[in-house]
Amino acid sequence: MDNDTGSVNHKLGRVFNIQKFSVHDGPGIRDVVFMKGCPLRCLWCCNPESQNTFPEIGYIQNKCIGIQECGYCIKACPKKAIKNSTIETPKIDIDRRLCDHCGKCVDVCPARAITLFGQMVSVEDVIKEVQGGNASWRTGGGITVSGGELLLQADFVHDLLKECKKHGIDTAIETSGYGDWRELERICRHCNLIFYDVKCMDSDKHKAFTGVNNEVILDNILKVASQFPETPVIVRTPVIPEFNDSWKDIKAIVEFITQLQNLTEYELMAYHAFGEPKYRQLGRKYRLERVKPPKKEYISDLQQRANAILKKKSYK
């Protein structure tokens, strides 16, 4: 749907998770809808299953019963992409070059060692789950759409948020801001709160660590502040060693976001490697495996210094 008139066009969207009872993604208790697909390739990404737009097979080796006791997945795979492991273990290997992510191996796996990241849902599906499985949205909670990057599925997200507002459900989004302004603008019309990532002010460094430049991201957040001055914005920065963990890097971001009159909070999020096992499930290599998380005291100091600058400004 390209405008805000008429009935909702119940498009399908691909999600990789709907997380219940979240308390970190907006006010109250939230249902968080994670959209699949992202144009960024952040080296520290803790949800690698969110990156590709297509569904993907994940394999958890320590759950696997083994080919001697089971082996159903090998028989079920029409592409013969699942084979006996080449290492000394009675497990399996998945040839990602042959796998077309059809999901037939998932259906026959009794141990649930094989999973499929990414399923198609309708607006109605999500609304029913929010209303039926959790009444907390009636008492200060709501729904938050995250990713991946939701702007890759802008039509679905727009229709979902618009329908949520019709049902009186509080709405929030979490975005990198990397996308077409026209899509972001029509989505923001139906948001009660916007979480926006600003990772680095140096465009070359931004591209080296995320795969994209930052000009569109910075331009879009200025437009959000201008076009939606009454919609609160929370800016977040993941603090990544060797990328943006110096005070110089954080100060540059802080000085930029002082322009945002609808800024309500600035949040530093310390790097962690909790998503590393997911890379193994997807048959990928985690490129920051030797990076150590910053100390809590250091992040606290950066946060205090950032807040001190922002406190002097007259943001809401």
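The values are calculated or read from the model by the stated rules, or taken from the named source; none is laboratory data. These numbers were taken from a predicted model, which means no experiment stands behind them. Glycine gets a Cβ as well: all are built from the backbone with ideal geometry, and neighbour counts include every protein chain shown. Just so you know, the surface numbers come from the protein's heavy atoms only, side chains and all, with ligands and any DNA or RNA stripped out. Shrake-Rupley method; radii C 1.70, N 1.55, O 1.52, S 1.80 Å.
What fraction, in whole percent, of alpha-carbon pairs in region 172-316 exceed 19 Å separation?
For region 172-316, the share of Cα pairs beyond 19 Å comes to 55 percent.
Longer than 30 Å from Cα to Cα, which of 165/207; 79/199; 248/313 are they? Say none if no pair is. All intermediate terms of the calculation are to be shown ahead of the outcome.
Values: 165/207 36 Å; 79/199 41 Å; 248/313 19 Å.
Pairs exceeding 30 Å: 165/207; 79/199.
For residue 68 paired with residue 272, estimate the spin-label separation in nm (one decimal), with each label point 7 Å from Cα along the Cα-to-Cβ line.
Distance between label points: 3.8 nm.
Hey, what angle do you get for helix 296-311 against the long axis of the chain, alpha-carbon based, 0 to 90 degrees rounded to 10?
30 degrees
Pull up the cross-link candidates among the aspartates and glutamates for residue 83, meaning alpha carbon to alpha carbon under 16 Å and not fewer than 8 places away within one chain.
Hits, sequence-local ones excluded: 69, 93, 95, 100.
At a Förster distance of 25 Å, what's the computed FRET efficiency of residue 107 paired with residue 128, Cβ-Cβ distance as r, to 0.05?
For R0 = 25 Å, the calculated efficiency reads 0.55.
Name the most mobile residue of 169, 87, 60, meaning the one with the largest mean-square fluctuation, in a Gaussian network model of the chain with Cα contacts below 10 Å.
Of the options given, 87 has the highest mean-square fluctuation.
Give me the number: length gained by fully extending residue 60 to residue 247, i.e. 0.36 nm times residue separation minus the C-alpha to C-alpha distance, one decimal in nm.
Gain in length upon complete extension: 63.4 nm.
Give me the distance between the Cα centres of region 54-74 and region 182-211, rounded to whole Å.
Here the answer is 37 Å between Cα centres.
Can you give the alpha-carbon Rg of region 56-209 over 2.2 N^0.38 Å, where N counts its residues?
That ratio works out to 1.40.
Using modelled backbone amide H atoms (1.01 Å from N, in-plane), which distant-in-sequence or interchain residues come within less than 5 Å of residue 85's amide H?
Those qualifying (amide H under 5 Å, at least 5 residues apart or on another chain) are 91, 92, 93.
Can you give the log10 of the normalised intensity I(q)/I(0) at q = 0.11, 0.15, 0.19, 0.23 Å⁻¹, computed with Debye over equal Cα scatterers of region 84-166?
-0.52, -0.78, -0.96, -1.16
Evaluate 2.2 N^0.38 Å with N set to the residue count of the chain, then give the Cα radius of gyration divided by it.
1.08
Treat every Asp and Glu Cβ in the chain as -1 and every Lys and Arg Cβ as +1, leave all other atoms uncharged, and give the resulting dipole magnitude about the Cα centre to the nearest 20 debye.
680 debye
Using R₀ = 22 Å, calculate the FRET efficiency as 1/(1 + (r/R₀)^6) where r is the Cβ-Cβ separation of residue 87 and residue 17; round to 0.05.
Working: r = 30 Å, r/R0 = 1.37.
Taking R0 as 22 Å, the efficiency between residue 87 and residue 17 is 0.15.
R0 = 45 Å: FRET efficiency of residue 167 with residue 312, Cβ-based, nearest 0.05?
0.65
Would you mind giving the three semi-axes, in whole Å and largest first, of the ellipsoid equivalent to region 29-111 according to its Cα gyration tensor?
Result for region 29-111: semi-axes of 27, 15, 14 Å.
Can you pull the one-decimal nm distance between simple spin-label points at residue 265 and residue 292, each 7 Å off the Cα toward Cβ?
That separation, rounded to one decimal, is 3.0 nm.
Give me the extension gain from residue 41 to residue 301: residue separation times 0.36 nm, minus the current Cα-Cα distance, reported in nm with one decimal.
Between residue 41 and residue 301, full extension yields 90.8 nm more.
What is the Cα centroid distance between region 242-316 and region 85-130, reported in whole angstrom?
When both Cα centres are located, 33 Å separates them.
Could you put 276, 49, 297 in order of accessible surface area, largest first, with the 1.4 Å probe and the full protein assembly present?
Ranking 276, 49, 297 by accessible area, largest first, yields 297, 276, 49.
Going Cα to Cα from residue 162, which lysines come in below 25 Å? Please leave out same-chain ones fewer than 8 positions away.
11, 20, 36, 128, 223
Using only Cα atoms, tell me the angle between helix 154-166 and the longest principal axis of the chain; keep it within 0 to 90° and round to the nearest 10.
On a 0 to 90 degree scale, this one is about 70.
Per residue, how much accessible surface does the chain expose to a 1.4 Å probe? Answer in Å², no decimals.
Computed with neighbouring chains in place, this is 49 Å² per residue.
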